[in-house]
Each structure stands twice: as C-alpha cells, then as structure tokens.
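Remarks on the structure that follows.
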Amino acid sequence: MKRLLTPSAWRVRENQLFLALTVVIGIIAGLGAVLFALSIEAARHFIVGTDAPWWRVALAPCLASVVSGILLSRFFPDARGSGIPQTKVAFHAQDGVMHPRVALGKFLTAVPVIGAGHSMGREGPSVQIGAAAASWAGQWLRLPRERLRDLIPVGASAALAAAFNTPVAAVLFSLEEIIADMNAPLIGSTVVAAVSAVVVERAILGNEPLFHVPQYRLMHPGELLAYVALGVIGGIASVAFCKGLLGARAAFQRMPAKSRMWQPAIGGLMIGAILLVTPEVAGVGYEHVDQALNGGLLLRVAVLLCVMKMIATIVSYASGNAGGIFAPTLYFGAMLGGAVGLIARQLAPFPVAAPGAYALVGMGALFAGIIRAPMTSVFMIFEITQDYQILVPLMVANMLSFVISQRYQPDPIYHALLAQDGVSLSPHDATALHVEG
Amino acid sequence: MSEDDQQEPDQNEQTPLPRPPLIQREVALLVILCAMAVALFAGTQRLAAWSRRLSVENGAMWFARGETAAQRGDRNAALAAFRKAVAADRTSTPYELALARGLADAGHDDEAEQILLRLRDGEPDDIEVNYRLARIAARAGRLDEAQRYYNHALYGIDRTGVPPPRYVIRIELVGFLLDHDDLDAAQDELNALVRELPDTPAAHQQADALKARLERLRPAPPVAIPAPVPSTPDGGAQ
C-alpha cells in the first residue's frame, strides 16, 4: 500500500499514456464512424423516406447540396470531398494538426448529402472525422508534435475499422495509404485503435457482417483466365473513372470562383436526374452490392448500374460535395465483377464459379486500380470472405488492375486530387511534400 | 509531457511526494476523454436502437406488401418488396426465406440458392430451407445433392415457418427419382410414402399415379396402398 503512494509508482510514463490515449481515441473514432453511418441512415429516412414520390427523389440531392454548399463555403472549406487526401496532408505536411472544426464540418455536410442520395461513400469522411478527433485529443493533451502526428493514422485506422468492420484492412490502409510506409513503427498503435473501434462498433451494431458473401470455389483452373480478363477490364475501368473524375473536377474548378458555393447544388440537380432513371445508385448502395455478391443481377442491369454509379459518383464528387469514393469503388467493382462472371458463365467451356465470386474479386480489383492500395484490397476482401481460396484469383485480378491503372494514370487518385488543389505529394516519397500557394 | 517524463525524482522513493503536475493534468484530461467516450457510446447506442426499430418496422411493412403482391400474383412487385424487407431487416429469417421462395419461383435459382445456403448455415436441419434447396438442386439436375436435401427436409425440424407436409415432400422426391431413373430408390420412397399418406383422395391419387409410373418403368413388387377410410371418433382408423 505504501508503495502505491510513492512517486515512482504514480508516475505515468509517456508511452503508457500514449497507449491509453490510443485506446480512448480508438473508441471515440469508432463511435464517430458508427454515429456517422447511423446519422446517414436517419437522414435518408427523414429526407427521402421509404416510399418517396419521384419529385422528392429528384429534388432531395439538390436541396441537401444547397445547404451543404453554403456550409462548405462559409464555415467548413476543408470538409469538401473524401477526407482521405486532407488526412494525408495533415500527416505529411501539418505535423498532425487538424482543426476540430473539420470533424464537425464533415459530419454536418456529408450526412445530409449522402442521406439525400448523392452517390458517395461514408468511409473517407469517417477517416477524416476519426483523424480530426484524434488530432484534437492530442492537441488538448498538448502532446509533442511527433506524437500528435502519430495520432493521425491511429484515428484514421480506428474510424475505417468501425466503418467497414475490417480491422486488419483498416490498419493496412493506414500504413499503405495514409503513412505510405508499410514498415512504419506505428503499426502497434494503429492495431490497438482499430481493435478498440471494432469492439465498440460490434457492441452497438452487433456481429451482422456488412455483406453476405457466397462461399468461394475455383471450379476449374481455366477460370483464372476469366479473372485475368476481370483484372484487365478492372484496370481499364479504374483509369476511366480516375480520368473522368479528374476531368469533371477540373471543369467545375474552371467555373467562376463565386459559383463555388452553388456548384454542389448543380451536381445535386444532375444526381436527381440520374436517380429518376436508376434509383439504385443512390447513397452508399451496399444493399445492391450485397445483391451482386449473391448473384442477384442480370447482365444488362449489372453493366447499367456500374456505368451509372461511375457517372453519379463523378458528378457528386467533382461538384464539391462532401463524401468519399471508397464505397462507390466497391459498388462498381461488384457490378463489373458480377457482369464478367455472368459472361464467363455463358461463354466458358468449363464450369465457373457463381457470379457473386466474380463480384467479390471485382471489388478488390477496382479498389486496387482506383485507390491504389493493393495490399489493403487483398486483405479487405479476404477479411470479408474469410476464405483462403479466394486469394489467388484476387491477387491476379488486383495486380493486373493495379499495373494497368498505374501505367495509364500515373498519379494515384488521392495525389491527383490534391494536385488539383495545388498540393503536391510525391508518390515515391510521401514525406517530400510541397504545398503550392 | 516528455520533458517532465525525463526528470527522474532523486528523492527517497519511500517519501510521498506531490505528483508531477503535467502528468496529473494529462491523466485528468484522459479521464475526461473517457467520460466523453462513455457519453458518446450511450448516445450512439440510443440512436442505434432507434435505427434498429425503424429498420424492423420498415422490414415488416415491405414484407406485408410483398405478401400482398404475391397473393395477387404480381411476382415482380413481390420480389422487389421482399428485397426491400431483407435490406431493411437483415436479421429476419422469414423475410429471407420469402425472398428465396420468390426468387426460385421467378427462376432466379442462383440467388435463391445463395440465400438458402446462408440460411442453412444457421439452421442446417430446417425443413423448408432444405426442401427449397432440394427443388433448386433437382431443377439443376444435381441428383445426389437434391436427394440429400430432400432427405434433410423429410427428417428435419420446422424452425422457420410453416413447412410443407412430409408426404408432399416425399411425393416430390419420388417423382424426382423417377425422372432420373433411380427406380430402386423411388420404390423405397414409395413404400415409405404409403405409410404416411393422409386419408385424402388427392393424396392417394398422387401416390397411385406415382405407383403406376414406376410400374410402367419397371415391373415392381406390388405396393399395397390402403384406400381412405373414415376415422373413428377416437381418431384411429378402423
């Protein structure tokens, strides 16, 4: 008892404090991601409802974007877009300093927009919210700069783990995409935070998986050819999406500066028109991914949804709304993969797996091609399926898609988006950052 | 914090000393952060409960609409409604089973099979799940698989709803076996069918038809099918 009262016993070392802080940040970032996802569902319920008339479906994205555009222009300029590029900048260029306003702004601007039907994902914003919350906690505790910087990937991995329910992929994403160093010493902290986040996420939402995935079987060795085709098509689709997104964004940026506040609403009008034709591309759209994974789509429907989701995501993102491209990438990957699976089934002279298996591999291939995080994509799909058999086709398709995308779109999408904003982040050395203007 | 951390106390360890103020502050702030996390957890949990209630209500509404559409024969509307019911409430087995039934009836066997296989993971001996899987496997010409599912359906337990009576499953199994010229197995099942036929003319007609079909395909030992007899007041047959 006496020993407990001595100074050495009470002394809390910096590392111990950082570890405790990592756990707390993991919990807060995880809760933030869950709250964000639930708020989008609630917004969807209040804005569109379950059985909305056509005019409400068409007008909701525009009206939500008007509100969001005003908020983004007047109060939260850092909350536009995905949030992952901003998180990378905070880590590489700003010593981990993110204003707490960023988290609030992202929440307030992304929730109505995604809930109203804009084709955007919740993972990117969750990452930014998690990283901003972590940075705020570090600043509040007056941590030294290097420690503050370390908290960015910690918050990011926790938020992604809770948002996508894949802790291993979340840790890898932080290392591969945010830190851009797979050997980073921060792996321990990111793992602790990701695990804490997933624990609270499951405590609240239960153990129901994000997707119902089919059991995977490679039916015939010749089937690998179909996966090669999927990798090639996935690579081409990735390049098309990246170039389309960057081109459309450049077009919006060329508009007069005073129109910036209303650009999201212009995007909203276009999305309203798209939703009248294909309401399935609204919002995050995981229920349709689930349908593709279970082979529930016809070929023409899968192709149509893939193309329309790409167009809708380009419009939503390029017009300056707040939301990510992570979920849309998985969406059109699933549709494209499902379509390739259906074609393979019709044409292949040997038995092939169910289209749902191709949809899964397609998700990984498009993720590798667009986000350019091939290790994350392999582990993410593996974590979703928990099936070793899928690894070989997945790696084949991922690598092909990655190589083709890298060849024809040298700058990874997040780097290219930053470059459009005047921020240059070298893909070869992530620490060499140059901010223009 | 790091500067403070590096200042090792040179006083006697047995002498209680005031704690380093900065550490005290950090620990206090950490405790406040924990309290905030607890409050956030409670708030998020309430929102999740509300969201869950909403999902359950939406699921029930879409399921009812699907049932109505199915009753009036609008297969596409029923399927769309069942899909929305499943999307709204992903934990409801009856909704998934209704969707699988709708899909199978509409010829979307692939998707129906995926859903049924997933349900079977949770309820491996459920009668209806196995019965539906058997019909899909039978349509796909997968003899062994279909037979296995039919057997599971015959000797399973009802866990998900109102399953078809056992004799209906057996009649279908006999027909399937005859379609695939598995006459010995068909004979065995026909013999079993005779023992469990209900006293209804329709059931006996179906069994007679199967027997006649079997005899056409191969002369077999006669199977005595008792004629329907009126039940005695105490429930037993005379």
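A few comments on the model shown:
- For region A:170-185, a residue qualifies if it is in contact (Cβ under 8 Å) with a residue 24 or more places away in the chain and outside any loop (DSSP other than H, G, I, E, B), and the qualifying residues are A:170, A:172, A:173, A:176, A:177, A:178, A:179.
- Residue within region B:76-99 that is among the hydroxyl-bearing types (Ser, Thr, Tyr), at pLDDT 90 or above and either part of a loop (DSSP other than H, G, I, E, B) or farther than 30 Å from residue A:30 by Cβ (or both) present: no
- Counting the residues of region B:32-64 that are facing chain A (nearest Cβ under 8 Å) and among the β-branched types (Val, Ile, Thr) gives 1.
- The set of residues in region A:195-247 that are closer than 24 Å to residue A:296 by Cβ, surrounded by 16 or more Cβ atoms within 10 Å (Cβ to Cβ) and of a type in the set (D, E, K, R) contains only A:223.
- Checklist (1) outside any helix (DSSP H, G or I); (2) closer than 28 Å to residue A:195 by Cα applied to residue A:40, failing item: (1)
- Any hit, region A:273-283, residues being more than 22 Å from the chain's Cα centre (by Cα), in a loop (DSSP other than H, G, I, E, B) and crowded, with 22+ Cβ neighbours inside 10 Å: no
- Of the criteria (1) crowded, with 24+ Cβ neighbours inside 10 Å; (2) in a helix (DSSP H, G or I), which one residue A:320 fails: (2)
For (1) surrounded by fewer than 24 Cβ atoms within 10 Å (Cβ to Cβ); (2) over 22 Å from the mean Cα position of the chain (by Cα); (3) assigned to a helix (DSSP H, G or I), each residue gets a yes or a no:
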| site | (1), (2), (3) |
| --- | --- |
| A:287 | yes, no, yes |
| A:296 | no, yes, no |
| A:329 | no, no, yes |
| A:333 | no, no, yes |
| A:356 | no, no, yes |
| A:365 | no, no, yes |
| A:377 | no, no, yes |
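- Residue tally, condition under 16 Å from the mean Cα position of the chain (by Cα), aliphatic (A, V, I, L, M) and either more than 7 Å from chain B (Cβ to nearest Cβ) or over 22 Å from residue B:36 (Cβ atoms) (or both), over region A:32-56: 3
- Test result for residue A:303, more than 14 Å from every other protein chain (Cβ to nearest Cβ) and without any contact (Cβ under 8 Å) to a residue 60 or more places away in the chain: yes
The values are calculated or read from the model by the stated rules, or taken from the named source; none is laboratory data. The structure displayed is predicted, hence computed values, not measured ones. As a convention, Cβ positions derive from the backbone with ideal geometry for all residues, glycine included, and neighbour counts pool all protein chains shown.
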